[in-house]
Structures are given as C-alpha cells and as structure tokens.
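The values are calculated or read from the model by the stated rules, or taken from the named source; none is laboratory data. Please read all numbers here as calculations on a predicted model, not as lab measurements. Cβ placement follows ideal geometry from the backbone for every residue including glycine, while neighbour counts extend to all protein chains displayed.
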Amino acid sequence: MASLTKEQLLEFYHEMVLIRRFEERSLELYRQKRIGGVYLHVYNGQEATGVGTVNALKEQDHVITAYRDHGIAISCGVEPERVMAEMFGKRTGTSGGKGGSMHIADRTKNFWGGYAIVGGHLPLATGIALKAQYNNQDEVVLSYIGDGATNNGYFHESLNLAGVWKLPVIWVIENNQYGMGTAIELASGQPELHKRADSYGIKDFGRVDGQDVEAVYALTLEAREYAHKHGSCLIESMTYRYEGHGVSDKLYATREEEMAAWKDKDPIEILKARLIKKYKNIEPTLKELEQQAEAKVEESVKFADESPIPTYEDLVSNIYV
Ligand SMILES: Cc1ncc(C[n+]2csc(CCOP(=O)(O)OP(=O)(O)O)c2C)c(N)n1
Ligand SMILES: [Mg+2]
C-alpha cells in the first residue's frame, strides 16, 4: 500500500471531519428551512470514498458526480462558504444561487458538478475524457456512479464508448447498498457491480473497502496511472450512507442492525484510531483539526447568511450563450 505521510493522513482526517460537520449542519439548516429546494442528499458515511479518490488525482484532473455532491466538491477544494451559499440560494454560491444542493460546480477546480438526473452525468464524463484524449493532454476524469445508476442506459452507453475509445476515466461506483430504497440485490442481476467492467473491455480494479481512506487512496493512485496510460477502469467502493437517501426520506426500521454494523466501520473513527495507534500524543492535534472544521462550517453559514440574494439580472444571466 502507498505509504502516506503523517501530514497527508492528518489532511485526510481534517477533510473527512469537515465534510461530516458540513453535512450535519446542512441537515439542520434544511429542517429550519434556511436551506431551500426540494431535496438535500448528504454524504455522511461515505467520506472516505470521496477524500481517498480525489486526493489521488493530479491537479489537472477532472471530477464529476451526481446529486450527493457537497462532500466531493469540498474535497476538490471548492470553498465550503460557496457551497453553503449555493444551498442558501445566494448570488455568492458556486452557481450563483440558481442550482442549489444538487448542482454544486466550480470550473476553476475542475469540479464539473453536481447532476440530479440519475446517470445523467456519465456521458459528460465520457465527453470530458474525449476532449483530454483528443488534445493529447495528461488529464484523467474521475466519475462517481451510484449503485442504483448502474442499471440505466447512460451507464451502458458511457462505459461502452469509454471502453471502445480507451478514454481516460476512472469510474468509481459508490456502492452504498441502496438506490433510493431498493437494495442492490433486488435491482441487479449481478450485484458484484465491478464485474460489469468486463462487458465494456474496461479494466476491473475490483472492490475496495470504502470505509478505509488509505485503501481507497492507494487503489485510486493505481487507477490514475492505468487510466492515463491505457484508458478506462472501474473501482467499486463498498460503503454506506448514515442518513436517508435524501432529507425527506426516513431510514427503515428494518435496517437498524445493518446500520449499527456500518457505524462500527465509520471511516472517520477508523482513521482516528489508526492515527492514535501510530503517532504518540496525536489526540490534541486531532481535536484541533475537529475544532477548525467546526469553525469553518460556522464561517460558511455566516457567509451564506450575509450574502446578497440574486437580482433579476442574475436570474436571466448565463442562460443563453
Ligand atoms: C433518471 C432518473 N430516474 C429516477 C430518479 C429518481 N432518483 C433519484 S436518486 C435515485 C436513486 C439513485 O441511487 P444511487 O445511484 O444508488 O445513488 P445514492 O442516492 O445511493 O447515492 C432515484 C431513483 C432520477 N433522479 N433520475
Ligand atoms: Mg446507492
């Protein structure tokens, strides 16, 4: 496994805690009706997948995902202030307040969004990779895919074309075991989703423990190298979401035991325990990072709160090009 420095591990810890706090606060703010919109999908439980994959990329690489996008945006370096402002519908938000929770995007960070249509971003990932290949650029695209999204047409079309043209995409299936509420084995004839890579002539990197940020990082490093040299590859990250599908969805009572088992594999706690075991007297540093994360989240709420609302001109700008 790639050996990470103490600084890198602490940075991963900080990012994961920041995402968790940001999401916890977002849920609260949504329930207080300070965040609007019909939906909000949080990343709690899946932080190691986002942080481990994004950090294995190079500066020039691209990232695209579905609607569960806040954490990945933050991992890509999008300022939490601008993510929060977007959810508040403010003009300082990443999409000028016009997109909301499901449409966080920032071109300056090569973070292309944030898409609400299940699987709708997969052809875009293929397209971004085609541009890189066509221009002979050392750029790779990291595209996340929900387990539920693997059964719609976009998945087939996008991965097939990426396979045929050997496009530089790392496809990461975030297998959190459910679509909105349907368990994977009730929706997929082949529930070992990574095996689908074979159908498209794409390299299958298999399953990774999505609660282990170091394992995710190490495998993505290999995948990055492969995608650049040979074309598309697929990773299936095994993970779990600690909240309902969206803010309006309840958790199912029948999942209590399952949830408890996955909470024992909380990616933040796993990394924390490892750091404590590996480095003497690291606890105060961890505490400090946790406090920094909390302060950052509060700053982002303040920034969003105090930002101006869009004007009529903003409403009609950037509509037509
Ligand atoms: C084309 C399309 N069909 C249905 C929906 C409604 N829908 C939103 S999320 C979702 C489930 C997706 O599950 P998955 O891909 O596993 O992502 P997760 O929410 O678990 O991260 C569905 C069916 C949609 N947004 N778009
Ligand atoms: Mg899912």
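Some values worked out for this structure:
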read-out: Qualifying positions in the range 221-246 - surrounded by fewer than 20 Cβ atoms within 10 Å (Cβ to Cβ), acidic (Asp, Glu) and modelled with pLDDT of 95 or more; value: 222, 225
read-out: Residue among 308, 284 that alone is more than 25 Å from residue 49 (Cβ to Cβ), more than 26 Å from the chain's Cα centre (by Cα) and touching a residue at least 60 places away in the same chain (Cβ under 8 Å); value: 308
read-out: Given (1) hydroxyl-bearing (Ser, Thr, Tyr); (2) in a helix (DSSP H, G or I); (3) under 24 Å from the mean Cα position of the chain (by Cα), number of the condition residue 240 does not satisfy; value: (2)
read-out: Residue in the range 287-306 that is charged (D, E, K, R), surrounded by fewer than 20 Cβ atoms within 10 Å (Cβ to Cβ) and part of a loop (DSSP other than H, G, I, E, B) present; value: no
read-out: Whichever residue in the range 54-94 is outside any loop (DSSP other than H, G, I, E, B) and among the charged types (D, E, K, R) and, among such residues, is farthest from residue 213 (Cα to Cα); value: 86
read-out: Options 69, 106: the member that is within 16 Å of ligand 2 (Cβ to nearest atom) and of a type in the set (Asp, Glu); value: 69
read-out: Matching helices (runs of 4 or more DSSP H) fully within the range 116-195 where at least 3 residues are within 13 Å of ligand 1 (Cβ to nearest atom); value: 153-164, 184-187
read-out: In the range 179-199, residue farthest from residue 153 (Cα to Cα) [restricted to those that are buried (at least 20 other Cβ atoms within 10 Å of the Cβ) and not hydrophobic (A, V, I, L, M, F, W, C)]; value: 194
read-out: Verdict on residue 101 being touching a helix residue (DSSP H, G or I) at 6+ places or on another chain (Cβ under 7 Å) and under 16 Å from residue 40 (Cα atoms); value: yes
read-out: Those residues of the range 19-37 which are without any contact (Cβ under 8 Å) to a residue 24 or more places away in the chain and over 16 Å from residue 74 (Cβ atoms), in sequence order; value: 28, 32, 33
read-out: Answer from 151, 176, 160 - the residue that is more than 25 Å from residue 58 (Cβ to Cβ), touching a strand residue (DSSP E or B) at 6+ places or on another chain (Cβ under 8 Å) and at pLDDT 95 or above; value: 176
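Per-residue answers, yes or no, for (1) among the charged types (D, E, K, R); (2) assigned to a loop (DSSP other than H, G, I, E, B); (3) more than 14 Å from residue 293 (Cβ to Cβ):
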{"site": "11", "(1), (2), (3)": "yes, no, no"}
{"site": "20", "(1), (2), (3)": "yes, no, no"}
{"site": "25", "(1), (2), (3)": "yes, no, no"}
{"site": "33", "(1), (2), (3)": "yes, yes, yes"}
{"site": "41", "(1), (2), (3)": "no, yes, yes"}
{"site": "45", "(1), (2), (3)": "no, yes, yes"}
{"site": "49", "(1), (2), (3)": "no, no, yes"}
{"site": "52", "(1), (2), (3)": "no, no, yes"}
